[in-house]
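Peer 1: Just passing along the structure, written as structure tokens.
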Amino acid sequence: MSGYLVRRLMLLVLMLVLLSMAVFVLFSLLPADVARLSCGKACTPEIIEANRIRLGLDKSVIEQYWVFVKGIFAGRTYPEGGGPAALVCAAPCLGYSFRKNATVLQLIGERLPATIWLALGAFVLFMVVGMVTGVLAALRRGRWQDKSIMGVALLGYSLPSFFLGLVVLFFVIIRWKLLPYPSYVSPFENPEQFFKTMLLPWIVLAILYAAFYTRLTRSQMLETLGEDYIRTARAKGLPERTVVGKHALRAGLTPIVTAGGLDLAGLLGGAIITESVFSLPGIGSLAVSAVVDPDLPVLVGITLITAFFVIVANLIVDLLYAAIDPRVRVAA
Amino acid sequence: MAADLVAPPERSSAKPDEVQGRSIWQIAWGRFRRDRAGMICLGVLILLVLIAIFAPLICHLLGVDPYALDPTAIDTEEAGKPIGPWGGASLQHPLGVEWGTGRDILARLLYGLRISLLVATVATLLTTAIGTVIGIISGYSRGAVDSIIGRLMDLILAFPFLLIILALSGALTERITSLGVPEGNASRITYLILILSVFGWPYLARIVRGQVLSLREREFVESAIASGAGTPRILFREILPNLWAPILVYATLTLPAYIGTEAVLSFLGVGVLPPETSFGLMLADSVKYFTIIPSYLFIPGTVLVILVVTFNLVGDAVRDALDPKAGRL
């Protein structure tokens, strides 16, 4: 097991290195006017040139990458080599946004709480709803309960996120005035306003994601419920709850956990659409603003952090397999 | 579901003692034909595709034009608000007109359908082609090639896809224009199609790879190798024909996903620009006005949902028909 863990961790590091290289190459494919983009409207050739040097864009991509990697571990200064007016970006430095005059890590750190709350709340909701409805549909297979659950799930699966978000916004907030217009505050400051703001985004994300888990749970349950050991469990007189929960659901849990872990990781990288529709100050809306008002360091930083979440989630999910499914442990 | 497992009754006029071989497609079509929801959706789908193809003709017959400005339908004193309820719905403009320009919503909806279907269809074909070829190669070649392709797929799947698409749109659209594609919407549509395909293929490639892993150990592959067939022949003449079922299932479920993604991208401002339009763009435009004119939001939104739902239902039906054992997922 420890050998496996070491191998996986090494693979994780390798993936991160490859990924950061890929991000660098992708973004360096952009025409070399990043320096111009990062200096705003009142721009002169001199400012562009100064920016180019300040951002280290006068160097080759490989050198830029090296400086970036060094910055993560040892911090960096703008311009490189320091100077009287140099900006210091302490380790771990993911870059500096001249647009917003802050380090990328600071910017992401400010936006992270809203994104984490959104992701966690939605995750709990859609996992619970998806699995409960999926189990119900499987147990009532072919009857009206199954058909109506699957019908609703299909609709949820097919709804474009922004359309659902806008419709909910239109009815609940604008027409019926059931909730105030969303305005994010920390839950520790004003729990009531926090819940009133997050309720709709949570529900919207949950509807979109739960549909997938309903379908997945149902098909997993149908498969395991047909196994011989389920008949054995019933025959030896176990209560139905134990048969369904411990024998059927647990055996089919692996793909559900995989998908769940990856979805959570994806959401932690910012739910771009939902955050924009409900104007939540999260990573997703930071990313959109960095696209609209081009801010390359921020984009690189967010891309890397999001991909980092996904890769780490992949590892955690694989390790969880062993905990859930003894068959994996035996095989390893 | 259980009934699907039973082969449909023979309706051929063949003599009873004559054994008739039926291909997997005939069997699948027989199953599909008895799936009522699937057949209805297929009908709706064909209708929608025909509407998209013949949109110019239909618009001409209805006397609406997606590009013509109609100053008489809007109130210039109220910042271009359409005159009349429901966004200025009238006999001349059945679904109302656009705020500020007076362009006909119905005509724009039909033209938007064209663009959405065009992008989704071409991107699905490209994704399927790339995914199939790379999946077969990856599954058949052991060792270094397989693991390099595997890592590449992991890498692409780990990328925050929406973010990259947004970030690269401006620059790559310019690149595409400089390669000779007409500037403006042609370049933007090409970008959408290419980027959807580039980030979409690993999903199918994984499925195909898994299938090839087991197929390559089968006797017919061994016998092809023994009789001296070259690798390309084994890959594409021997193995590929066994993969059409999962590929078709995947493609029919990818298409609606791409329709949705195209709408999201247009909504975020990456897709086509006016005077062309698409569902996402119409919905994005609706944001400014939907508190006053809700139909701006609900008309394109409803059509979009109907389109995606029917595609998904047909995809499910195709899966059930081709692979009745697999659950719906």
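Peer 1: With each label point set 7 Å from Cα along the Cα-Cβ vector, what nm distance links A:Asp318 and A:Ala74?
Peer 2: The two pseudo-label positions are separated by 3.1 nm.
Peer 1: Skip the ligands, DNA and RNA, and give the accessible area per residue of the protein assembly as shown with a 1.4 Å probe, whole Å². Working shown, then result.
Peer 2: Details: 31880 Å² over 661 residues.
Value for the protein assembly as shown: 48 Å² per residue.
Peer 1: Apply the Karplus parameterisation 6.51 cos²θ - 1.76 cosθ + 1.60, with θ equal to phi minus 60°, to every residue of the range B:238-245 and state each ³J(HN,Hα) to the nearest whole Hz, in sequence, with x for glycine and proline.
Peer 2: With the stated coefficients, the range B:238-245 comes to 9, 7, 3, x, 7, 9, 4, 4 Hz.
Peer 1: OK, next. Using only helices, what value at 222 nm comes out for chain B when you add -39,500 (n - 2.57) per DSSP H run of length 4 or more and divide by the total residues, to the nearest 500 deg cm²/dmol? Kindly include the intermediate steps, with their values, before the conclusion.
Peer 2: Details: 13 runs with 215 residues, N = 329.
About -22000 deg cm²/dmol.
Peer 1: Helix-derived [θ] at 222 nm for chain A: sum -39500 (n - 2.57) over DSSP H runs of at least 4, divide by residue count, nearest 500?
Peer 2: Working: 14 runs with 224 residues, N = 332.
Computed mean residue ellipticity for chain A: -22500 deg cm²/dmol.
Peer 1: Roughly to the nearest percent, how much of the accessible area of the protein assembly as shown is carbon and sulfur, given a 1.4 Å probe? Please report the intermediate quantities before stating the final value.
Peer 2: Details: 21180 of 31880 Å².
Using a 1.4 Å probe with all protein chains present, the protein assembly as shown comes out at 66 percent carbon and sulfur.
Peer 1: Looking at the range A:219-322, which GluC sites (Glu not before Pro) are DSSP coil and have at most 16 other C-beta atoms within 10 Å of their C-beta? Show your work: numbers first, answer last.
Peer 2: Working: sites: A:Glu223, A:Glu227, A:Glu240, A:Glu275; in loops: A:Glu227.
Loop-located and lightly packed - A:Glu227.
Peer 1: Going by alpha carbons, how many degrees (0 to 90, nearest 10) lie between the helix axis of B:24-33 and the longest principal axis of chain B?
Peer 2: So the helix axis and the longest Cα principal axis differ by about 40 degrees.
Peer 1: Please return the longest stretch of chain B lacking exposed loop sites, where chymotrypsin sites (Phe, Trp or Tyr not before Pro) count only if DSSP places them in a loop and at most 16 other Cβ atoms lie within 10 Å.
Peer 2: Details: sites that count: B:Phe54, B:Tyr67.
Maximal segment without exposed cleavage sites: B:68-329.
Peer 1: Classify chain A as rounded, prolate or oblate, taking a ≥ b ≥ c as the square roots of the eigenvalues of its Cα gyration tensor: rounded when a/c is under 1.5, otherwise prolate if a/b is larger than b/c and oblate if not. Before the final figure, lay out the partial values.
Peer 2: Numbers: a/c = 2.95, a/b = 1.66, b/c = 1.78.
Oblate is the answer for chain A, as a/c is 1.5 or above yet b/c matches or exceeds a/b.
Peer 1: Report A:Lys100's accessible area, 1.4 Å probe, all protein chains in place, as a number in Å² to the nearest 10.
Peer 2: Result for A:Lys100: roughly 90 Å² accessible.
Peer 1: With a ≥ b ≥ c the root eigenvalues of the C-alpha gyration tensor of chain B, is it rounded (a/c under 1.5), prolate (a/b larger than b/c) or oblate?
Peer 2: Since a/c reaches 1.5 but b/c is at least a/b, the shape of chain B is classed as oblate.
Peer 1: Let me check something: with ligands and nucleic acids excluded, how do A:Trp66, A:Trp144 order by accessible area (1.4 Å probe), largest to smallest?
Peer 2: Values: A:Trp66 155, A:Trp144 185 Å².
Of A:Trp66, A:Trp144, the descending order of accessible area is A:Trp144, A:Trp66.
Peer 1: Kindly point out which whole DSSP H helices in chain A project their C-alpha atoms 24 angstrom or further along the helix axis while averaging a Kyte-Doolittle hydropathy of 0.0 or above.
Peer 2: Details: long enough: A:2-28 (39 Å, 2.04); A:104-139 (49 Å, 1.83); A:191-225 (44 Å, 0.58); A:296-324 (41 Å, 2.32).
Helix filter hits for chain A: A:2-28, A:104-139, A:191-225, A:296-324.
Peer 1: Give me the accessible area buried between chains A and B, both sides summed, with a 1.4 Å probe, in Å² rounded to the nearest 100.
Peer 2: Numbers: alone 18040 and 17560 Å², together 31880 Å².
Accessible area lost upon association: around 3700 Å².
Peer 1: Keeping all protein chains in the complex and leaving out DNA, RNA and ligands, what accessible area do you get for A:Leu120 with a 1.4 Å probe, in Å² to the nearest 10?
Peer 2: About 80 Å², ignoring ligands and nucleic acids.
Peer 1: Also: Sequence gap of 8 or more, or different chains, plus Cα separation below 30 Å: how many lysine pairs satisfy both in the protein assembly as shown?
Peer 2: Step by step, the pairs that qualify in the protein assembly as shown add up to 18.
Peer 1: Using a 1.4 angstrom probe on the protein heavy atoms only, could you order A:Asp295, B:Asp75, B:Asp65 from most to least accessible area? Please report the intermediate quantities before stating the final value.
Peer 2: Numbers: A:Asp295 5, B:Asp75 50, B:Asp65 70 Å².
Of A:Asp295, B:Asp75, B:Asp65, the descending order of accessible area is B:Asp65, B:Asp75, A:Asp295.
Peer 1: For chain B, take the longest principal axis of its alpha carbons; what is the angle in degrees between that and the long axis of helix B:144-158, to the nearest 10 within 0 to 90?
Peer 2: 30 degrees
Peer 1: For A:Ala102, which sequence-distant residues (separation of 5 or more, or a different chain) have an amide H within less than 5 Å of its own amide H, given hydrogens modelled in the peptide plane?
Peer 2: HN-HN under 5 Å from A:Ala102: A:Ser97.
Peer 1: How high is the relative contact order of chain B, in percent, counting Cα pairs under 8 Å that sit 6 or more residues apart?
Peer 2: Working: 398 pairs, mean separation 74.1, N = 329.
Relative contact order of chain B: 23 percent.
Peer 1: If you don't mind, there's one more thing I want to ask. With the cut-off at 1.5 for a/c, could you classify the range A:123-274 from its C-alpha gyration tensor as rounded, prolate or oblate?
Peer 2: Here the range A:123-274 falls in the prolate category.
Peer 1: For A:His247, B:His93, what's the largest-to-smallest order of accessible area, 1.4 Å probe?
Peer 2: On the way: A:His247 50, B:His93 20 Å².
I get A:His247, B:His93, largest accessible area first.
Peer 1: Which residues belonging to the range A:262-277 lose at least 40 Å² of 1.4 Å-probe accessible area when the assembly is complete, relative to their chain isolated?
Peer 2: A:Ile272, A:Ile273
Peer 1: Something else about it: Could you report the accessible area of B:Glu183 in Å², rounded to 10, computed with a 1.4 Å probe on the protein chains as they sit in the structure?
Peer 2: Its accessible surface works out to 150 Å², give or take rounding.
Peer 1: Between the range B:298-317 and the range B:114-143, how far is it from one alpha carbon centroid to the other, in angstrom?
Peer 2: Their Cα centres are 23 Å away from one another.
Peer 1: Given the C-alpha centroids of the range A:195-220 and the range A:148-169, what is the distance between them in whole angstrom?
Peer 2: The distance from the Cα centre of the range A:195-220 to that of the range A:148-169 comes to 10 Å.
Peer 1: Would you mind computing, in nm to one decimal, how far apart the modelled labels at A:Thr242 and B:Phe54 are, each placed 7 Å from Cα along Cα→Cβ?
Peer 2: Computed distance between label sites A:Thr242 and B:Phe54 equals 6.5 nm.
Peer 1: Now a separate question. Per 20 Å bin from zero, what fraction in whole % of the C-alpha pairs of the protein assembly as shown is there, up to the bin with the longest pair?
Peer 2: 15, 48, 32, 5, 0
Peer 1: Let me ask another. Could you state the number of Å between the C-alpha centres of the range A:236-257 and the range A:303-318?
Peer 2: The two parts, judged by their Cα centres, are 29 Å apart.
The values are calculated or read from the model by the stated rules, or taken from the named source; none is laboratory data. What you see is a predicted model, and the numbers here were worked out from it, not measured in a lab. Backbone-built Cβ (ideal geometry, glycine too); neighbour counts: all protein chains shown. Surface areas here come from the heavy atoms of the whole protein model, side chains and all, with no ligands, DNA or RNA. Shrake-Rupley method; radii C 1.70, N 1.55, O 1.52, S 1.80 Å.
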